[in-house]
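Reading through the structure tokens given below for one structure.
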């Protein structure tokens, strides 16, 4: 945690508040270190253990123009805030922007994601195309566009659900194709300990989003509806897998988005 906090306090961009929400931790050494830290930008808030409510509390109490997320054991590269702030200032149409990230610890490497809005919202059909600890969100968009919080009921995939909800409300997305965060991996992290629960939530999200995308596509192109109905019937008869249906819908959806661009 100390490494994480210091990587934020040492950012090239200095004008921010650092909201740290203690989500029911009993690790007093770290909490006392935070309380003794003299930097006035730190706001330490205690909360009972409830991850979704803690995330939403962070959104509620944030005073800034932008909300930037990070987990308690990751490391921001020194230029992260500067890069993302300048990107959002120069791309006023973008509501949410992530970046690529480097992972270290039990495994090492670089994780990349789609870059353009069209690629991102089409990719949501089969995967989460935004790394949660890398995002910056325009707070004004949360107030004005109809999606303002993380939803209960999608445990360990609440960020994925947030992005698909935003996509259905015409929020715009981007990823900066540069590593701006180092993501720590360990045998104790949530994504490792709760793989089954996360997968169950992710599949639920994908099915809901697939349904929305098919409705969107058929509203825009009525001639596509009989084709999709035939494909859905094939899935129901186990002649086609959900994955194959999703791949076909992805191709149709992405092509439509690129033509609308």
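Do the conditions hold for residue 140, that is, is it surrounded by fewer than 17 Cβ atoms within 10 Å (Cβ to Cβ), out of contact with any strand residue (DSSP E or B) (no Cβ under 8 Å at 6 or more places or on another chain) and at pLDDT 95 or above?
Judged against the criteria, residue 140 is a match.
Confirm whether residue 158 is touching a helix residue (DSSP H, G or I) at 6+ places or on another chain (Cβ under 9 Å), within 26 Å of residue 56 (Cα to Cα) and surrounded by 18 or more Cβ atoms within 10 Å (Cβ to Cβ).
yes
With the checklist (1) modelled with pLDDT under 95; (2) outside any helix (DSSP H, G or I); (3) out of contact with any strand residue (DSSP E or B) (no Cβ under 9 Å at 6 or more places or on another chain) in hand, flag the one item residue 184 doesn't pass.
All conditions are met except number (3).
Every residue, every condition in (1) crowded, with 16+ Cβ neighbours inside 10 Å; (2) modelled with pLDDT under 95, yes or no:
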position	(1), (2)
167	yes, no
177	no, no
211	no, no
220	no, yes
237	no, no
244	no, no
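I need the helices (runs of 4 or more DSSP H) fully contained in the range 34-139, keeping only those with at least 2 residues that are over 18 Å from residue 16 (Cα atoms).
Hits in the range 34-139: 51-61, 117-123.
If we scan the range 144-153, do we find a residue that is touching a helix residue (DSSP H, G or I) at 6+ places or on another chain (Cβ under 7 Å), part of a helix (DSSP H, G or I) and at pLDDT 95 or above? Explain how you work it out, then say what you get.
First, the residues of the range 144-153 that are touching a helix residue (DSSP H, G or I) at 6+ places or on another chain (Cβ under 7 Å): 147-152.
Adding the requirement that they be part of a helix (DSSP H, G or I) leaves none.
No - not one qualifying residue is present in the range 144-153.
Can you tell me which residue within the range 15-73, out of those that are free of Cβ contacts under 8 Å to residues at least 12 places away in the same chain and in contact with a strand residue (DSSP E or B) (Cβ under 8 Å, 6 or more places away or on another chain), is surrounded by the most Cβ atoms within 10 Å (Cβ to Cβ)?
53
The values are calculated or read from the model by the stated rules, or taken from the named source; none is laboratory data. Not measured: the values here are computed from a predicted model. Heads up, the Cβs are rebuilt from the backbone with ideal geometry, glycines too, and the neighbour counts pull from every protein chain shown.
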